[in-house]
Amino acid sequence: MSKKKEKKIDLNNLEPEEKMKYEVAEELGLLDRVLADGWKSLTSKETGRIGGMVTKKKREKR
């Protein structure tokens, strides 16, 4: 049996792209679940929504 290592996420110390992903998750009300159970706890629909919004924000920055 292998034990999962709990990795604490420091939201103040992330790369800009990674930070944007967490911000979008927060906007969608999914951040609590991501922090508690990780990204794998989200459905493909939810992760796709996050990805789409991150892409949109990147395009707007140009």
I'd like the full set of residues that are out of contact with any helix residue (DSSP H, G or I) (no Cβ under 9 Å at 6 or more places or on another chain) and at negative phi, limited to the range 33-51. ALA36, ASP37, LYS40, THR43, SER44, LYS45, GLY48
Suppose the filter is of a type outside the set (Asp, Glu) and modelled with pLDDT under 95; does LYS4 pass it? yes
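The values are calculated or read from the model by the stated rules, or taken from the named source; none is laboratory data. Keep in mind that what you see is a predicted model, and the values were worked out from it rather than measured. Don't worry about glycine lacking a Cβ; one is built from the backbone with ideal geometry, like all the others, and counts go over all protein chains shown.
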